[in-house]
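S.K.: I am attaching a structure below and will ask some questions about it afterwards.
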Amino acid sequence: MKRLAISLLTLSLLGGCVTTQSPTGRSQTLLFSAAEMNQMGDASFDEMKKQQKISKDAKLNAYVDCVAQRVTGALEGPAQRWEVVVFDSPQVNAFALPGGHIGVYTGLLKVANNQDQLAVVLGHEVAHVLANHSNEQVSRAQMTGTGLKLADMALGAGGVANKDLYMAALGLGAQVGYILPYGRAQESEADIVGLELMARAGFDPRAGAILWQNMAKAGGAQGPELLSTHPSHDTRISGLQSLAPKMQPLYDAAKAKGLPKCQIAK
């Protein structure tokens, strides 16, 4: 009976799968709806806020929120204010989740030295959401037989009891002991989409290569958590350097609108 139930669940999911293209033209197979992904994102972010210490620094929070809202404000479609939380932790990391959530660790701000460099990271993380990378991860886990509990929860059959599985599927494995990392193709795609997004928001795309040079120096040979599944430092820096001139007109156009600067108030 258990095998039958698993087979029926898998068939029902595959029957509803969608084959589409990512923003860069890569083929994607997605088993879950936007509503289901948002449910996972909401549950995961709620859990993160319970598990992690949240920064009470009002000036720091205002600065990060300013950058995040400008980046997300450049997205197409209806305007949406994303929930932004700064976690008080030395981790050099940040993430974005379906449902409109962004988390930034204070350790990142020691490496991302200004608003443009922070926008590089946030653009990259929001790009993961925009490109349905979380949906790809959950779908891949389901199709390879490792994501049945995830499927149960996404379909509303299992509640939210196993939130660690949600979080692993959404790229938060390092924080909860599960590892379901984005692949290098997804990371490279997020670099491209994210740099365009931050340039449209009025941040200097030339900061991309500088930011990742800083990242490469952080944390010794292993680098910070944010680099764990990413392309090599040299490959990423070279790619961002070549992309920056293409994004420069977008930045210049946005800058001409006189967008407000984001900075930590003294």
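The values are calculated or read from the model by the stated rules, or taken from the named source; none is laboratory data. Keep in mind the model is a prediction, meaning the values are calculated, not measured. Counting neighbours? That spans all protein chains shown, and the Cβs are built from the backbone with ideal geometry, glycine included. Side chains are part of the model used for accessible areas, which takes the heavy atoms of the whole protein and leaves out ligands, DNA and RNA. Shrake-Rupley method; radii C 1.70, N 1.55, O 1.52, S 1.80 Å.
S.K.: Taking a cut-off of 14 Å, what percent of all Cα-Cα pairs in the range 91-130 are separated by more than that?
M.R.: 41 percent
S.K.: Any idea how far the Cα center of the range 29-56 sits from the one of the range 58-73, in Å?
M.R.: Here the two parts' Cα centres lie 19 Å apart.
S.K.: Rank these by accessible area, largest first, 1.4 Å probe: SER33, SER44, SER27.
M.R.: Sorted descending by solvent-accessible area, the residues read SER27, SER33, SER44.
S.K.: Please sort by residue number the trypsin sites (Lys or Arg not before Pro) in the range 52-120 whose DSSP state is loop and whose Cβ has at most 15 other Cβ atoms within 10 Å.
M.R.: Qualifying residues, ordered by number: LYS53, LYS56, ARG81.
S.K.: Additional query: Enumerate the aspartates and glutamates that LYS261 could reach by cross-link, defined here as Cα to Cα under 16 Å, with residues fewer than 8 away along the same chain left out.
M.R.: ASP65, ASP116, ASP204, ASP252
S.K.: Can you list which of the GluC sites (Glu not before Pro) found in the range 36-116 are DSSP loop residues with at most 14 other C-beta atoms within 10 Å?
M.R.: Here the sparse-neighbourhood loop sites are GLU76.
S.K.: Excluding residues on the same chain fewer than 8 positions from LYS50, give the aspartates and glutamates whose Cα lies under 14 Å from its Cα.
M.R.: Counting by Cα, and skipping residues close in sequence, LYS50 has these aspartates and glutamates nearby: ASP42, ASP88, ASP164.
S.K.: For ALA253 paired with GLN52, estimate the spin-label separation in nm (one decimal), with each label point 7 Å from Cα along the Cα-to-Cβ line.
M.R.: 3.3 nm
S.K.: Among the listed pairs LYS56/LYS110; LYS217/LYS246; LYS56/LYS217; LYS53/LYS110, give every one whose C-alpha distance is greater than 21 Å.
M.R.: Beyond 21 Å between Cα atoms: LYS217/LYS246; LYS56/LYS217.
S.K.: Ignoring ligands and nucleic acids, what accessible area does THR235 show with a 1.4 Å probe (Å², nearest 10)?
M.R.: 90 Å²
S.K.: Between ARG184 and GLU76, how many nm apart are label points set 7 Å from Cα along the C-beta direction?
M.R.: Modelled inter-label distance: 3.0 nm.
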